[in-house]
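The next block holds one structure in the form of structure tokens; read it before the comments.
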Amino acid sequence: MDYKRYFRDYPDQNGFFGPYGGMELPPELEQACREITQAYLSICQSSKFISELRRIRKEFQGRPTPVYHCNRLSEKLGNCHIYLKREDLNHSGAHKLNHCMGEALLASYMGKKKLIAETGAGQHGVALATAAAYFGLECEIHMGEVDIAKQAPNVARMKVLGAEVVPVSAGLKTLKEAVDSAFASYSKQYKTAVYCIGSALGPHPFPMMVRDFQFCIGEESREQFLEMTGHLPDAVCACVGGGSNSAGSFAAYLADPVDLIGVEPLGRGAAVGDHAATLTYGEPGSMHGFRSYMLKDTEGEPAPVYSIASGLDYPSVGPEHALWKDLGRVNYVAVNDADAVDAFFKLSRYEGIIPALESSHAIAYAMKWAAEHPCGSILATCSGRGDKDIDYVIEHYGFGEDHQF
């Protein structure tokens, strides 16, 4: 694979990353996605569009976000050095605003009046509600009732920002069902609305668009790490649910001699229904309009999934991640709830940074990597801050008194 030519070849004109991706939709939604594709391709290389997006990132989002050296945490683990790309310092508290502002800018260009989306942990919902308020658009967010209960602070933030939050009571009442509900609503409103998917998945062009809008994570961190240390990190890791922050974290390093590690949620263990580690335990399949790896039940339908992190409990994954797995360019591993919670408290106690439970999966792996290597450096993406998780963590795990070195 010639990674210097990678972005010319993937996705192809039909939205495929090798055998994964595509657009498997009813005719009316296929036409809507083709309209979005054409609009995006017509402006993504436009200096006016790029300049406006850069201005928004600098003046509104506060980009670039910094790379931070976890000195105390690193010393506790040995001679390896852990660094964080601080997406928790992006406006609204997570990486999600990177693609939401891009999608909302595109919607404005297309003359649409409304943004529709799903959300799991609520960070995408907050980010999209933020973008809608910025551009003066209506906003409709679908969220599973289980996640609404777990993520009350983010639900409140969405409503304060003016979004309509639609509770979803079907099935397991989590992220998959929220996507189902949002797609159903979009199918009735596509002439005046744009669906703004919350990760690098779904039908073409969303995996491509979200990766492109999230590319700033890796682009910035690569430049910042070189400036800080004079070399690249030995490894870069990020959590993988649908795959947006990780796609952005990895894409800039594809042609570099850097190990790339995607960290999936192992949850309570390897049994079906106890995890959402799609690339670790899944197989190729189709859902929500695209083909990728998928966790299946005995009848070949999407399997029930679970993670302590609401933003990671999805039974499929972005198609580009499926390609990277098959190519062997990214190694995918899984971290369980207990280790993620341990990382949540240790980063809080030793560095003064409270991470999101999603991000805690990547940080847990970075800690493991650092403990196992006699020297070197690993850069983990802290994809979001943990404000949204505080009440849930305290209720179930206390204040972390047992999580000390």
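The values are calculated or read from the model by the stated rules, or taken from the named source; none is laboratory data. No experiment lies behind these values; they were computed from the predicted model shown. Cβ: placed from backbone, ideal geometry, glycine included. Neighbour counts: every protein chain shown. The area values use the complete protein model at the heavy-atom level, side chains included, leaving out ligands, DNA and RNA. Shrake-Rupley method; radii C 1.70, N 1.55, O 1.52, S 1.80 Å.
Computed values, structure above
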| item | result |
| --- | --- |
| Wholly within segment 30-110, helices (runs of 4 or more DSSP H) carrying at least 1 residues that are open to solvent by 10 Å² or more (accessible area, probe 1.4 Å) and without any contact (Cβ under 8 Å) to a residue 12 or more places away in the chain | 47-56, 71-77 |
| Residue in segment 265-285 that is within 17 Å of the chain's Cα centre (by Cα), over 25 Å from E138 (Cα atoms), assigned to a loop (DSSP other than H, G, I, E, B) and of a type in the set (G, A, S) present | yes |
| Enumeration of residues in segment 311-330 that are farther than 15 Å from P19 by Cβ and in contact with a Phe, Trp or Tyr (Cβ under 9 Å, 6 or more places away or on another chain) | D313, R329, V330 |
| Residue pairs meeting the criteria (Cβ under 7 Å; at least 6 apart or on separate chains; first in contact (Cβ under 8 Å) with a residue 40 or more places away in the chain, in segment 147-162; second among the polar types (S, T, N, Q)) | D147/T174; D147/S310; K150/S310; Q151/S310; N154/Q123 |
| Among the candidates F225, F183, residue that is within 20 Å of S244 (Cα to Cα), among the aromatic types (F, W, Y) and part of a helix (DSSP H, G or I) | F183 |
| Residue under evaluation A121, criteria (1) open to solvent by less than 40 Å² (accessible area, probe 1.4 Å); (2) in a helix (DSSP H, G or I); (3) under 22 Å from L347 (Cα atoms), criterion not met | (2) |
| Enumeration of residues in segment 186-207 that are in contact with a Gly (Cβ under 7 Å, 6 or more places away or on another chain) and outside any loop (DSSP other than H, G, I, E, B) | P207 |
| All helices (runs of 4 or more DSSP H) inside segment 297-405 with 1 or more residues being buried (at least 22 other Cβ atoms within 10 Å of the Cβ) | 319-327, 337-351, 357-372 |
| Selection within segment 183-209 - closer than 14 Å to I141 by Cα and open to solvent by less than 10 Å² (accessible area, probe 1.4 Å) | Y186, A193, V194, Y195, C196, I197, G198 |
| Tally of residues being open to solvent by less than 10 Å² (accessible area, probe 1.4 Å) and among the β-branched types (V, I, T) across segment 218-248 | 2 |
| Tally of residues being open to solvent by 20 Å² or more (accessible area, probe 1.4 Å) and within 14 Å of P203 (Cα to Cα) across segment 12-29 | 11 |
| Given (1) open to solvent by 10 Å² or more (accessible area, probe 1.4 Å); (2) touching a Lys or Arg at 6+ places or on another chain (Cβ under 8 Å); (3) under 21 Å from T130 (Cα atoms), number of the condition V146 does not satisfy | (3) |
| Filter pass, D180 being in contact with a Leu (Cβ under 9 Å, 6 or more places away or on another chain), over 25 Å from Y109 (Cα atoms) and open to solvent by 40 Å² or more (accessible area, probe 1.4 Å) | no |
| Qualifying residue in segment 125-136 (condition: of a type outside the set (A, V, I, L, M) and closer than 19 Å to P205 by Cα) | no |
| Selection within segment 249-284 - open to solvent by 10 Å² or more (accessible area, probe 1.4 Å), in contact with an Asp or Glu (Cβ under 7 Å, 6 or more places away or on another chain) and in contact (Cβ under 8 Å) with a residue 40 or more places away in the chain | D259, R268, T280 |
